[in-house]
Amino acid sequence: MSNQSIDIVLNPVTRRTTWRPNGLWVMLGLIVMLAAMPLVASPYALLLMLPFVGYSIALLGFNLLFGNTGLLSFGHAMFLGVGAYSAAVLTSKLGMRSFELVLITGALASAAISLTVGILCVRYTRIFFGMLTLAFGMLFHSFLFKFYTVTGGDQGMRVLRPLLLGMEWRGGKTAFLTGPFYYYALVLFAMLSLAMWRITQSPFGLHLRAIRENAGKAAYVGVQVFRMRLAAFVISAIYGGIGGTVLAVTTGLADPELAYWTHSGNLVFMAVLGGSATFTGPVIGALVFVLLQDFVMSITQYWRFVMGAVLVFLVVFMPQGLSGTIELLLTRRNAGR
C-alpha cells in the first residue's frame, strides 16, 4: 500500500452535521402533544383543537393538490361542505348515527363530486384551474343557500351526536367532544397523516412533483398527466370531505358558509402560512391560524384586517411560510459548520 493511500485511510475527512427532522416525525410529535393535552389543558383549549384537527385533515389533501401537483384550488371548501352536509343528512334526516358510516358516506360523496368536477377542471392549470374550481364552489354554495327545503338554507342543518364504534357516550356535549370524540378524531388524523405520507413518498407522489415542475417533460417520459392530476384532485376531495365531517360534528351544524369561497381562502391562507413546500407545513399553518384567529377575535372586531396584514407580511418577508423558513435557517446553519 502506498504512503498516499495510508494517509487517506488515517486522515478521513469528518464533517459535523445537524439533524433535520423528518416530516413524519414532526407530525408524530405533534400528535403525541395533542394526545397529552387533556391531562393539562382546559376544555376550551380542547374544543379549540378539534377545528384544528378537522382543518389539518382537509389541508393534507389540499396540499397534495397545491404543494405536490401545483394546482391551486379556490373552491376546495366545497368538499368540506359535502362532508358536513353528508353528516347532517345521515344523522338528522335518515337517523343513521354511526360515525364510521358518516365518514365513509362523506368521503364517497366527495369522491363522486370531485370526479365529475375534476374531469372538467384538471385539463387546465394556473388561474384557469383556480377560476373553474371557484365557479363550482360558488354553484355548490348557491345550492345550499337557496334550496331551503332540502338544505335548510341559511339556517343550515343540525348534525346529531354520532355513535363512535357503535357505542353511545353519555354526558353533555362538551364532555363528549373533549373526551371520546377528541381521541377518535386524533387517531383518525394520525391514520390519515400516515396514509398521506405514504402517498407523497410513493412513485405516484414523485409523478405529481414531476408534473408540478414541468408537465410537458413529465408527459414526454410517459407520465399520464391528466390521470395523475385527476387522482390527486379526488384524493384531496376525500380528505376535504372527512375534514368537513369532523368540523360538522364539532359544531353540531352544517352551515352553507362552510362551502363559501372565503372559507376556501382560509385553506389557502393556512397552507401559505405554514408553508406548502413541506409535508407538515399546512398542518402547522392550521394550528397557528386557529390560535391566532381565536386570540385576535378576542381583542378586536377587526380581526380580518389583522389576518390580512399577517398574510401580506408572509408573502413579502416569509414566502416559504413558517416551516419553510425554519428549514431554510437550518440549512444555512448546517452550511456554516
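Each value in this text was obtained by applying a stated rule to the coordinates, not by laboratory testing. These numbers come from a predicted model, not from an experiment. Every residue, glycine among them, receives a Cβ derived from its backbone with ideal geometry; neighbour counts consider all protein chains shown.
Couple of notes before you dig in:
- Summarising the label geometry, the points placed 7 Å from Cα in the beta-carbon direction at L291 and L120 lie 4.1 nm from one another.
- Total charge dipole magnitude, the chain, about the Cα centre, Cβ charges on Lys, Arg, Asp, Glu only, Debye to nearest 20: 500
- Ordering of 231-240, 311-320 by packing [mean C-beta count within 10 Å, highest first]: 231-240, 311-320
- Rounded to the nearest 20 debye, the dipole magnitude of region 113-198 is 80 debye, with +1 charges on Lys and Arg beta carbons, -1 on Asp and Glu beta carbons, and the Cα centre as origin.
- A simple spin-label model places the labels of V150 and A219 3.6 nm from each other, with each point 7 Å out along Cα-to-Cβ.
- Working note: Karplus 6.51/-1.76/1.60 with θ = phi - 60° gives region 186-195 the couplings 5, 5, 4, 4, 5, 5, 5, 5, 5, 5 Hz, where Gly and Pro are set to x.
- Its relative contact order, with pairs defined as Cα atoms under 8 Å and 6+ residues apart, puts the chain at 32 percent.
- For L163, the amide hydrogen comes within under 5 Å of the amide hydrogens of S98, F99, counting only partners 5 or more places away or on other chains and with H modelled in the peptide plane.
- Highest to lowest packing among 164-177, 247-260, 216-229, scored as the average C-beta count within 10 Å: 247-260, 216-229, 164-177
- Degrees, to the nearest 10: 77-88 long Cα axis against longest axis of the chain: 50
- Think of region 142-299 as a dipole: +1 on every Lys or Arg Cβ, -1 on every Asp or Glu Cβ, centred on the Cα centre; then among W261, W169, L194, L194 lies furthest on the positive end.
- Overall Cα dimensions of region 173-319 - principal axes, largest extent first, Å: 54, 40, 26
- Region 250-337, dipole about Cα centre (Lys/Arg Cβ +1, Asp/Glu Cβ -1), debye to the nearest 20: 480
- Mean residue ellipticity, 222 nm, helices only, the chain: the sum of -39500 (n - 2.57) across DSSP H runs of n ≥ 4, divided by residue count and rounded to 500, is -23000 deg cm²/dmol.
- Computed over region 53-136, relative contact order equals 38 percent, with contacts defined as Cα pairs under 8 Å that lie 6+ residues apart.
- Each label point was placed 7 Å from the Cα along the Cα-to-Cβ direction; for F226 and A45 their separation is 5.2 nm.
- With K and R counted +1 and D and E -1, the other residues having a Cβ less than 15 Å from that of P162 yield a net charge of +4.
- Gain on full extension, evaluated as 0.36 nm per residue between W303 and L108 minus their Cα-Cα distance, stands at 66.6 nm.
- Highest mean packing comes first when the peptides 133-145, 48-60, 198-210 are listed by Cβ atoms within 10 Å, giving 48-60, 133-145, 198-210.
- Most positive-pole-ward Cα, L28, A232, F145, against dipole of the chain from beta carbon charges: A232
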